[in-house]
Amino acid sequence: MLTVEGLNAWYGQAQALFDVSLSVGEGQLIVIQGLNGAGKSTLLQSLIGIGPRAQGRITWQNQPIQTWPAHRRARAGLGFVAEDRRLFTGLSVKENLWIAAASGSNAQATPAQRFERVMSLFPQLQTMLHRPASQMSGGEQQMLALARTLMIGPRLLLLDEPCEGIAPVLVAAMRDALLQLAREGVAMLVAEQNNILARHAQRVLVLTSGRMDGAA
Ligand code: ATP
């Protein structure tokens with residue numbers, strides 16, 4: 001489904017990724033671990049097309065996409081949730097979700113069906129539909145960021161530390177929602193340091209100073 005071969009990335013002269021290769025199969029949950037600064041965020045950003053200068057081959061559903069801009073990758077079914085969430089904080093929960101629906105991908109479901117689906121995955125959000133995102137807790141914002149990405153109908157989710165720094169009760173809700181999505185066939189590539197999803201993953205890959213240890 002997604003293959004990455006020989007990916008290198010640079011911030012100016014400083015190389016952040018060295019010859020990284022990996023693959024994510026249909027419906028697989030793959031976790032990337034590594035210390036702070038190992039290159040996890042750079043890798044995910046390179047895959048969605050918002051990273052620094054990069055070279056290498058990225059293939060998505062048999063098409064080379066490394067030259068595609070981010071919006072084209074998103075429309076093709078790649079969904080990304082950044083560590084810093086990037087919500088429209090002045091807008092309500094509902095507005096954040098519907099803005100995303102407008103840029104929906106080639107998914108089968110209608111925006112209204114996706115909205116219903118997202119509400120059933122995150123009932124917590126249903127009780128705060130009219131609240132500005134700025135008045136939500138960090139964990140609630142993290143849920144909204146994931147929910148917003150789901151409104152686009154992704155086939156592969158690229159998630160940067162989805163369970164980091166949020167209240168334990170919301171960690172459990174987030175984990176359960178992600179595992180439910182995985183059971184439904186949504187593939188995931190997740191950067192995490194806290195082992196919440198790693199124990200459920202088909203593979204755990206380790207990045208060390210920009211290099212992938214072990215097999216892809
Ligand atoms: P963390 O968990 O702390 O986010 P990470 O594994 O995601 O770490 P990256 O953020 O991808 O690691 O960083 C990889 C390397 O690239 C680090 O050496 C970091 O200092 C460097 N780096 C990241 N972002 C930038 C940037 N905008 N400009 C220059 N260097 C950067």
Worksheet item: How much accessible area per residue does the chain have, in Å², with a 1.4 Å probe?
Response: 45 Å²
Item to complete: Compare the peptides 152-165, 15-28 by average per-residue count of other Cβ atoms within 10 angstrom and give them in order, highest first.
Response: 152-165, 15-28
Worksheet item: If you put +1 on each Lys and Arg Cβ and -1 on each Asp and Glu Cβ, how big is the dipole of the chain around its Cα centre, in Debye rounded to 20?
Response: 400 debye
Item to complete: For every other residue with a beta carbon closer than 14 angstrom to the beta carbon of PHE115, add +1 if it is Lys or Arg and -1 if Asp or Glu, then tell me the sum.
Response: +2
Fill in: Distribution of pairwise C-alpha distances over the chain, 10 Å bins, in %
9, 36, 37, 17, 2
Discussion item. Ranking request for peptides 80-90, 42-52: highest mean number of other beta-carbon atoms within 10 Å first, then the rest in descending order.
Written reply: 42-52, 80-90
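The values are calculated or read from the model by the stated rules, or taken from the named source; none is laboratory data. For clarity, every value in this text was computed on a predicted model and none was experimentally measured. Note: ideal-geometry Cβ built from the backbone for every residue, glycine included; neighbour counts use all protein chains shown. Areas reflect the complete protein model, heavy atoms only, side chains present, ligands, DNA and RNA absent. Shrake-Rupley method; radii C 1.70, N 1.55, O 1.52, S 1.80 Å.
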